[in-house]
Amino acid sequence: MNGWDRAALALHLGWAEFAFGVRAALQRRRTGDAGFRGVSGRPGEASWWAGVLFVAALLGGVAAPLAALAGLPTAAVPALRWTGLVAALAGVAATTAAQTNMGASWRVGVDAGERTAPVTGGLFAHVRNPVFAVMTCTATGLALMVPNPVSLLALACLVAAVQLQVRVVEEPCLRAAHGAAYAAYTARAGRFLPGVGRRAT
């Protein structure tokens, strides 16, 4: 059983390091800017909560396998764990692809005064938020690998953070920055899944 817990911990740490650390280093090397914008909004605002919940989700992803290794009961269902491993590995690969599609526009957080080039190619041709979608897939897989209360809470924090970040922070900024072009894009690309969450023109 400990093998699954250790595997989930290693996978989570490796994914987080690559998705944020390595990606930021590559971004800085290519553009001179690491892409980190931090938590937006004042404490208590929805945008602030999005950042706080996102950090809680990342920390919870580490805490869940550590808690299991320390003896917290975990639902030992082999089918769930294998399904989780497949989902997590697929999510890691897709995270890399989605971040690569963003090119110089990749950011962590939003600066309302900054205007980046719109990204509508690759995975973004079908889904407006593929990075968040595949990160949720990865986190779901990791939670299934170590299904305990900590992993489920971490997953819930991530889902809430993504919804707040997209709906309250990013979409309003993109509408303000790109106007009709963004409206047309939202009419043809789903929010998190192809064809789902498209806006009527």
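A short reminder: the numbers here are calculations on the coordinates, not readings from a lab. It should be emphasised that the depicted structure is a prediction, and the values quoted were computed from it without experimental measurement. Quick reminder, even Gly has a Cβ in these numbers, built from the backbone with ideal geometry, and neighbours come from all protein chains shown.
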Determine the calculated [θ] at 222 nm for the chain from helices alone, applying -39500 (n - 2.57) to every DSSP H run no shorter than 4 residues and normalising by the residue count; nearest 500 deg cm²/dmol.
-> -20500 deg cm²/dmol
Burial order of peptide ranges 161-168, 134-141 (average beta-carbon count within 10 Å, highest first) = 134-141, 161-168
Neighbour-count order for Glu170, Glu114, fewest beta carbons within 10 angstrom listed first = Glu114, Glu170
Along the dipole axis of the range 1-139 (charges at Cβ: +1 for Lys and Arg, -1 for Asp and Glu; origin at the Cα centre), the most positive-end residue among Gly60, Thr120, Gly91 is Thr120
Candidates Gly60, Gly32, Gly121: whichever shows maximal mean-square fluctuation once the chain is modelled as a Gaussian network with Cα springs under 10 Å | Gly32
In the chain, helical segments from DSSP H whose Cα atoms cover 20 Å or more along their own axis and that average at least -0.5 on the Kyte-Doolittle scale are 2-16, 46-69, 78-102, 130-145, 149-164
Taking the Cα centre of the chain as the origin, how large is its charge dipole in debye, to the nearest 20, when only Lys and Arg (+1) and Asp and Glu (-1) carry charge on their Cβ atoms?
-> 460
Excluding Gln163 itself, calculate the net charge of residues whose Cβ lies under 14 Å from the Cβ of Gln163, where each Lys or Arg counts +1 and each Asp or Glu counts -1.
-> +1
